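What follows is a short report on a single structure.
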Amino acid sequence: MLVEITKVPNAENSVIHLHPTDNVAVARVLLPAGTELRVDGLPVTVRETIPAGHKVALWDIAPGETVERYGQIIGRAKAPIDAGRHIHTHNLAYEELVLDYEFPTTDIPVPVPRADAPTFLGYPREDGRVGTRNYIAVVVAASNCAAHTAELIAHSYEGQTLPPNVDGVVAFPHGEGCGHAFGPDVDQLRRTLGGVLVHPNVSAALILGLGCEVNQIDHYLGPGSPRTNRLVGMTLQTSGGTTGTLTAARREIARFFEQAASEERVPAPASKIILGLNCGGSDSFSGITANPALGFCSDLLAELGGTSVLAETPEIFGAEHLLVRRARNREIADKLLGCIKRYKKYLSRFEGSFDDNPSPGNKEGGLSNILEKSLGAVAKGGTSPLIDVYEYAEKVTSPGFTFMNTPGYDPVSLTGLAAGGCNLIAFTTGRGSAIGFPTIPVIKIATNSHTFRAMPDNMDINAGAISDGDATVQQVGRQIFDALLELASGRRTCAERLGHKEFVPWRIGPVM
C-alpha cells in the first residue's frame with residue numbers, strides 16, 4: 001500500500017521514529033532497497049524493500065534482544081536483524097510480557113460539567129440523557145423466529161414520508177434469545193437489548209418475540225421497567241402471526257410517531273455526549289495518526305465533563321499497564337485488570353491467545369502482533385484519568401474517560417457500546433472498515449490518505465494528513481471534536497448515508 005504524502009520523501013522524512021529508545025522506525029512510504037535514511041541524525045541504509053507502514057531496524061538487533069516501538073517492548077528478535085532490515089512476523093517473536101503495574105495511590109476526582117462547554121442540538125430524555133437521533137426501534141427479544149417479522153415492520157416504512165423529527169423506523173434482528181441456558185449469557189443478552197430499547201437515541205420501541213423462547217418479552221415489560229409509555233411488546237403467537245403482527249405493530253408505531261413528532265432538538269452542553277471509541281481494520285498508522293488524534297478529542301470531551309468509552313479488551317492487552325497508572329483509584333485499576341484476567345480465562349476455554357486477534361489485514365498493514373496493535377489502540381483514550389470500568393452493555397454513568405469490556409470484533413463491540421448508552425461512536429480505520437449502527441452515528445476516521453481517497457463514500461475524516469505532514473495530531477483531534485458537535489446536531493455520517501445498520505450481540509455461552 002502506497003501512502004501518498006505531499007512532501008517529497010527524503011532521507012529525513014521517509015520514516016517516523018516515535019520514541020528515542022525505539023530501535024525501529026515506521027516507513028511513511030514504500031522504501032526500496034538502497035534507500036538512504038537519516039533518523040535523528042543516525043544514517044541507515046535500507047537493505048530490502050519495506051512496505052509503507054512497516055518497520056525498519058535502525059541498528060543491529062541480536063537474537064533474543066527486545067524490539068521497541070512507542071518506547072515499549074513489542075517482541076524479541078527471532079534471529080539476527082541487521083540495521084536497515086524489515087522487521088515483521090518473519091523475524092519478530094511474540095511473547096506474553098510480565099508487566100510492571102504502577103497502581104494509583106490517591107483518588108482522582110470525577111470530572112464535572114463545565115458551564116462554558118460548547119453545545120449541540122439534541123433530544124432531552126426523561127432520565128437526563130440526550131439523544132443525537134430520534135428513532136423508533138423494533139427490537140427482537142427472541143432468536144430468528146421473530147427477526148424476519150421485525151425486518152418486515154421496518155421495511156414497510158421505506159419510501160414513506162415520516163413525521164418531522166423522526167429519523168426512521170429501524171429493526172434489530174439477531175439470532176440469539178433461544179437455545180440458551182439461563183445464566184450469564186441470557187443476562188448479558190437482556191442487558192444488551194434493554195440498553196437498546198431505552199437508548200437516548202430511541203424515542204420509542206417495540207419489543208418483539210415469538211412467544212415460547214427462553215428470553216420472554218415480559219422481562220422488558222414488567223413492574224419497574226423504564227419508559228413504559230414509550231415501550232410496547234407483542235409476540236407473533238398472540239398477535240396473528242407474521243402479517244397480524246405487522247398490522248398490530250404499525251398501529252402502535254403510529255402512536256409513537258405522534259409522540260416523536262412533538263419532540264424537537266434543543267441546545268445541550270457537550271458534557272451530554274457519550275462517545276464510544278473503537279477501531280477496526282487497523283494498520284501501523286493507526287497508532288501514529290487517527291488514534292492519537294481521537295485521544296486528543298477524548299481529552300477535550302473529558303475536560304468538559306463529557307464521557308468517552310474505550311472498548312475492545314483484547315486490544316488493550318499488553319498495554320493495560322498504561323491505563324492502570326492512569327486509573328482514578330486502586331479499585332478502578334483492579335476492575336480493569338479483572339477484565340483482562342476473565343478474558344484470558346475465556347480464551348483458554350477455546351485454547352486461544354490474545355495474539356490470535358490481529359487479522360491478516362492488520363499484519364499486511366504493518367502490525368506484527370497484539371502487543372504492537374494494543375499500544376496503538378490505547379492511544380484512542382488520550383491521557384485523561386481512567387474514571388470507571390464497565391462490563392459489556394452495562395449502562396455508562398460516569399463522566400470522563402472510561403472503559404468497557406468488549407471483544408475486539410467490531411460489530412459486537414459497537415453493540416456493547418451502544419447498549420451502554422453511547423450516543424456517538426468514533427471509529428478509526430486504516431484498512432477501511434464500512435461498519436455502522438442502526439440508531440447511532442458512527443464517524444469514520446481514516447488513518448492514512450490512501451484509504452481516505454480509495455473509500456471516499458465511507459470515510460468522514462482523513463487523519464492521514466498527520467503522516468503526510470499537513471496537520472498535527474492536535475489539529476485533527478480538534479477537527480474530530482468539532483465534527484462530533486455537528487453530527488450530534490443532526491448531520492449524517494457516511495455510514496448513515498449508506499444505510500449501515502450492523503447489530504451483533506455478544507454470545508458467550510453454549511447453544512442448547
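Going residue by residue through the range 407-414, is there one that turns out to be in contact with a Phe, Trp or Tyr (Cβ under 7 Å, 6 or more places away or on another chain) and either at positive phi or part of a loop (DSSP other than H, G, I, E, B) (or both)?
Yes, some residue in the range 407-414 is in contact with a Phe, Trp or Tyr (Cβ under 7 Å, 6 or more places away or on another chain) and either at positive phi or part of a loop (DSSP other than H, G, I, E, B) (or both).
Can you tell me which residue in the range 88-119 is most open to solvent (accessible area, probe 1.4 Å), limited to those that are of a type in the set (G, A, S) and in contact with a strand residue (DSSP E or B) (Cβ under 8 Å, 6 or more places away or on another chain)?
Out of the qualifying residues, it is A93.
So which residues in the range 333-354 are in a helix (DSSP H, G or I) and over 23 Å from Q72 (Cα atoms), if there are any at all?
Matches in the range 333-354: K335, R342, K345, Y346, L347, S348.
Which one of G75, G64, G84, G122 is open to solvent by less than 30 Å² (accessible area, probe 1.4 Å), at pLDDT 95 or above and in a loop (DSSP other than H, G, I, E, B)?
G84
Take F285 and tell me if it is in a helix (DSSP H, G or I) and under 20 Å from L18 (Cα atoms).
For F285, the condition - in a helix (DSSP H, G or I) and under 20 Å from L18 (Cα atoms) - is not met.
If the Cβ limit is 8 Å and pairs must be 6+ apart or interchain, which residue in the range 7-24 that is among the acidic types (D, E) pairs with which residue that is at pLDDT 90 or above and exposed (fewer than 13 other Cβ atoms within 10 Å of the Cβ)?
D22/G71
With the structure loaded, tell me whether A379 is under 14 Å from the mean Cα position of the chain (by Cα) and either among the basic types (K, R) or more than 23 Å from R507 (Cβ to Cβ) (or both) or whether it fails that test.
yes
List the residue pairs whose Cβ atoms are under 8 Å apart, where the first residue sits in the range 254-265 and is in contact (Cβ under 8 Å) with a residue 60 or more places away in the chain and open to solvent by 50 Å² or more (accessible area, probe 1.4 Å), the second is of a type in the set (S, T, N, Q) and assigned to a loop (DSSP other than H, G, I, E, B), and the two are 6 or more positions apart or on different chains.
Hits for this filter: S262/N165; E264/N165; R265/N165; R265/S489.
Restricting attention to the range 377-385, does a residue exist that is open to solvent by 40 Å² or more (accessible area, probe 1.4 Å), in contact (Cβ under 8 Å) with a residue 40 or more places away in the chain, farther than 27 Å from A77 by Cβ and not in a helix (DSSP H, G or I)?
Checking the range 377-385: at least one residue is open to solvent by 40 Å² or more (accessible area, probe 1.4 Å), in contact (Cβ under 8 Å) with a residue 40 or more places away in the chain, farther than 27 Å from A77 by Cβ and not in a helix (DSSP H, G or I).
Search the range 326-337 for residues that are open to solvent by 20 Å² or more (accessible area, probe 1.4 Å) and pair each with any residue that is in a helix (DSSP H, G or I) when their beta-carbon atoms are under 8 Å apart and the residues are at least 6 apart or on different chains.
The qualifying pairs are L337/E320; L337/V324.
Can you run down the residue pairs with Cβ atoms below 7 Å, 6 or more apart or on separate chains, where the first is in the range 185-212 and among the basic types (K, R) and the partner is at pLDDT 95 or above and assigned to a helix (DSSP H, G or I)?
These pairs meet every condition: R191/A419.
Consider the range 457-497. How many of its residues are of a type in the set (D, E, K, R), assigned to a helix (DSSP H, G or I) and crowded, with 20+ Cβ neighbours inside 10 Å?
1
Restrict the check to the range 225-239 and report whether at least one residue is touching a Pro at 6+ places or on another chain (Cβ under 6 Å) and in a loop (DSSP other than H, G, I, E, B).
No, the range 225-239 contains no residue that is touching a Pro at 6+ places or on another chain (Cβ under 6 Å) and in a loop (DSSP other than H, G, I, E, B).
Do we find that N23 is surrounded by 14 or more Cβ atoms within 10 Å (Cβ to Cβ), farther than 30 Å from S384 by Cα and out of contact with any helix residue (DSSP H, G or I) (no Cβ under 8 Å at 6 or more places or on another chain) in this structure?
Spelling it out, it is not the case that N23 is surrounded by 14 or more Cβ atoms within 10 Å (Cβ to Cβ), farther than 30 Å from S384 by Cα and out of contact with any helix residue (DSSP H, G or I) (no Cβ under 8 Å at 6 or more places or on another chain).
The values are calculated or read from the model by the stated rules, or taken from the named source; none is laboratory data. Quantities reported herein were computed from a predicted structural model and do not represent experimental measurements. Backbone-built Cβ (ideal geometry, glycine too); neighbour counts: all protein chains shown. Protein only, heavy atoms only, side chains kept; ligands, DNA and RNA dropped before computing areas. Shrake-Rupley method; radii C 1.70, N 1.55, O 1.52, S 1.80 Å.
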